[in-house]
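All remarks here apply to the structure that follows.
The values are calculated or read from the model by the stated rules, or taken from the named source; none is laboratory data. Computed from a predicted model, the values in this text were never measured in an experiment. Cβ: placed from backbone, ideal geometry, glycine included. Neighbour counts: every protein chain shown. These accessible areas exclude ligands, DNA and RNA; they are computed on the full protein's heavy atoms, side chains included. Shrake-Rupley method; radii C 1.70, N 1.55, O 1.52, S 1.80 Å.
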Amino acid sequence: MTTASVCYRHPDRPAGVRCQRCDRPICPDCMNSAAVGFQCPSCFNEGVKSIPKTRTSLGGIQRGNPQVITMTVLALNVLVFIGVRVGSPQVLNDLVLFPALVETEPWRLLTSAFTHVQIFHIFSNLFMLWQIGPPLEQMLGRLRFTILYLLSALGGGIAVWLISAPTSATLGASGAVLGLVGALLVVSRARNLDVTWILGYVAITAVLSFVIPNISWEGHLGGFVTGAAVAWLFLQDTKRRRSKARL
């Protein structure tokens, strides 16, 4: 094969071969192994983009580690917990959800969902997140799982804002976690799977929300309903994509 004397991307380097797609000379540093021969970086990247993306069972884009978002959320909750415990009381006051302050400090709708004070509180929430987060993340993909979690947390916060007393203080990941539970319930029902344990968990949580003082049933309800609604929308989108693919 005839090759030019220098690489088209590095004029100071001798070329070894020509790109199999564009036929331009490339040096060893620019050689990317392809199905046949070598390709320059530009052609190789274009070829990668043209490869159809593998999607999860619920329409998300499938990537490597199916637990990376779950682990990130777990770590964020732990870091905030440590920050609250070792920081000044003002740190906690700036993160907790006070409905009366939402209009001027809207970030509280989300920051409260990453904030815990008691060890049992954070342990119970993160234990449940660890149980159902990875399988949901694997089914949804990273982006959709992130959307589900954040919208569930936001839904719980908005419910507290609209329903709770203006001066009540709410914190914890319960709303977001219950959003995952609601999503898992919708997905499991759509796949005709056994949902007995999910219904049992929801029932127990509902009872405890009203029996034990200082538990935000508003946040639980808002997160659960939001998570179920988001999962339903994902299911509809997945059905639409599959119907379109059959045409």
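Between 135, 147, 236, the Cα set farthest toward the positive side of the dipole of the range 133-243 (charges on each charged residue's Cβ, about the Cα centre) is that of 236. Annotation: extensible slack from residue 236 through residue 130 equals 35.5 nm (criterion: 0.36 nm per residue apart, minus Cα-Cα distance). Solvent exposure of the chain, expressed per residue, is 56 Å² of accessible area, with all protein chains present and a 1.4 angstrom probe. For the range 120-219, the pair-distance distribution built from all alpha carbon pairs, in bins 5 Å wide starting at 0, is 2, 12, 21, 25, 20, 12, 5, 1, 0 percent.
Given a 1.4 Å probe and the protein chains as shown, residue 33 ends up with an accessible area of around 90 Å².
By the helix-only formula, in which each DSSP H run with n ≥ 4 contributes -39500 (n - 2.57) and the sum is divided by residues, the chain has a 222 nm mean residue ellipticity of -20000 deg cm²/dmol. The alpha carbon radius of gyration of the chain, expressed as a multiple of 2.2 N^0.38 Å, is 1.40.
To one decimal place, what orientation-averaged projected area in nm² is obtained for the convex hull of the Cα set of the range 74-121? Write down the numbers at each step before the final one.
On the way: hull surface 13.4 nm².
Averaging across all directions leaves 3.4 nm² for the Cα convex hull.
Rounded to the nearest 20 debye, the dipole size of the chain about its Cα centre is 1240 debye, using +1 on the Cβ of Lys and Arg and -1 on the Cβ of Asp and Glu.
When the P(r) of the range 77-168 is calculated, the portion above 17 Å amounts to 57% of the C-alpha pairs. Note on the range 186-237: the C-alpha convex hull projects to 3.7 nm² when averaged across all orientations. The accessible-area ordering, largest first, of the residues 137, 103 stands as 103, 137, per a 1.4 angstrom probe. Can you send over the carbon and sulfur percentage of the accessible area for the chain, probe radius 1.4 Å, protein chains only? C and S atoms contribute 64 percent here.
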